[in-house]
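Worksheet: one structure, shown below.
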Amino acid sequence: MKMPEGISKLTNLLTLTGIHGGGDIPLELGKLRQLRSLGVMDVTEDTADALFASITRLQNLLSLSLEAKWSAGKEKLTLLDTFSPPHLLRKLRLEGRLENIPSWFHSLNNLTMLRLGFSHLEEDPALALQQLPNLQNLTLWHAYDGKQLGKEFCKAGGFPKLEILSIASHVLEEWTEVEEGALPSLQYLHFHNCSRLRMLPEGLQFVTTLKQLDLLPLNDDHVERLKPDGGEENYKIEHIPTIRFLPVSALKFSPPN
């Protein structure tokens, strides 16, 4: 949806979502100082400077969603390192390829919810995220292209208030270790589309706050290792009340006779 003409006159507007990032949107946005929730689609490098300058002026903003313009794999989401996000921001959703985690992420002290979608980062994003003091819900949806998550992903004291962690990755094969004392508040751990995942992290058994683990789908060999009757990895998850998994073999299509 294009920005309706004259919308900047609605100075008490609280929510504006589903708008395209081109045209006069940056100029109009900067006048909507009462906005609490903003969602912008088709963000391009050409409009990034003006767009972020306007968002900086929205000091009452609590929720921000930005989506790159999708076109033949060139879905890069330009995030300026010079951007100064509204200090009250609690929810942030970024959809599109990122070169790196911007330096201003460390200032998001009030952020409670973060989704990075199709970022395809080459460096583990958790290194920049685990010190966010109030982050409660983190979704990494094809956000990291690494095959392995190491102990650096969750160091002792990392993610102090995180309750929900969701990871989707077609390439992730192994998460090696969670340091004891990391993820002290985690309740829900979800793996989606991680069919290559061969191993759950050593140290997961120390995350005693976990209430639910989802592995959808799960490599068939991994199913055997997690079984309670002799599975070599079962000790990592036996303390979790609810465990849901779907074997990869169950997804295979069987034509009718």
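Rundown of residues vs (1) modelled with pLDDT of 90 or more; (2) in contact with a helix residue (DSSP H, G or I) (Cβ under 9 Å, 6 or more places away or on another chain), yes/no style:
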{"position": "N12", "(1), (2)": "yes, no"}
{"position": "G23", "(1), (2)": "no, yes"}
{"position": "E28", "(1), (2)": "no, yes"}
{"position": "K31", "(1), (2)": "no, yes"}
{"position": "A50", "(1), (2)": "no, yes"}
{"position": "Q59", "(1), (2)": "yes, no"}
{"position": "L62", "(1), (2)": "yes, no"}
{"position": "S65", "(1), (2)": "yes, no"}
{"position": "K74", "(1), (2)": "no, no"}
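For Q131, indicate whether it is assigned to a loop (DSSP other than H, G, I, E, B) and outside the structural domain of L183 (by TED's automatic domain parsing).
Judged against the criteria, Q131 is not a match.
For a quick check of your reading of the model, give me the residue pairs whose first member lies in region 232-250 and is in contact (Cβ under 8 Å) with a residue 40 or more places away in the chain, whose second is surrounded by fewer than 16 Cβ atoms within 10 Å (Cβ to Cβ), with beta-carbon atoms closer than 9 Å and at least 6 apart or on different chains.
Between residues of region 232-250 that are in contact (Cβ under 8 Å) with a residue 40 or more places away in the chain and residues that are surrounded by fewer than 16 Cβ atoms within 10 Å (Cβ to Cβ), the close pairs are V248/D220.
Exactly one of (1) in contact with a Ser or Thr (Cβ under 9 Å, 6 or more places away or on another chain); (2) at pLDDT 95 or above; (3) not acidic (D, E) is unmet by N110. Its number?
Result: N110 passes all but (1).
When both residues are 6+ apart or on different chains and their Cβ atoms are under 6 Å apart, which pairs have a first residue that lies in region 178-205 and is in the same structural domain as R244 (by TED's automatic domain parsing) and closer than 12 Å to E233 by Cβ, and a second that is among the hydrophobic types (A, V, I, L, M, F, W, C) and outside any loop (DSSP other than H, G, I, E, B)?
P201/W175
Cβ-Cβ below 7 Å, separation at least six or inter-chain, first residue in region 45-71 and hydroxyl-bearing (S, T, Y), second crowded, with 19+ Cβ neighbours inside 10 Å and assigned to a helix (DSSP H, G or I): which pairs?
Once the first residue is hydroxyl-bearing (S, T, Y) and sits in region 45-71, its partners that are crowded, with 19+ Cβ neighbours inside 10 Å and assigned to a helix (DSSP H, G or I) give T47/P26; S54/P26; S54/L29.
Only residues that are at pLDDT below 90 and in contact with a strand residue (DSSP E or B) (Cβ under 7 Å, 6 or more places away or on another chain): list them for region 80-96, please.
Residues satisfying the conditions do not exist here.
Out of the residues in region 36-48 meeting the condition of being modelled with pLDDT under 90 and polar (S, T, N, Q), tell me which one is surrounded by the most Cβ atoms within 10 Å (Cβ to Cβ).
Ranking the qualifying residues of region 36-48, first place goes to T47.
Could you list, in sequence order, all residues of region 50-68 that are crowded, with 17+ Cβ neighbours inside 10 Å and hydroxyl-bearing (S, T, Y)?
Across region 50-68, the qualifying residues are S54, S63, S65.
Any idea which of E224, E232 is of a type in the set (D, E) and assigned to a helix (DSSP H, G or I)?
E224
The values are calculated or read from the model by the stated rules, or taken from the named source; none is laboratory data. Bear in mind that the values here come from a model prediction, so they are computed numbers and not experimental data. When we count neighbours, we look across all protein chains shown, and the Cβ atoms used for this are built from the backbone with ideal geometry, even at glycine.
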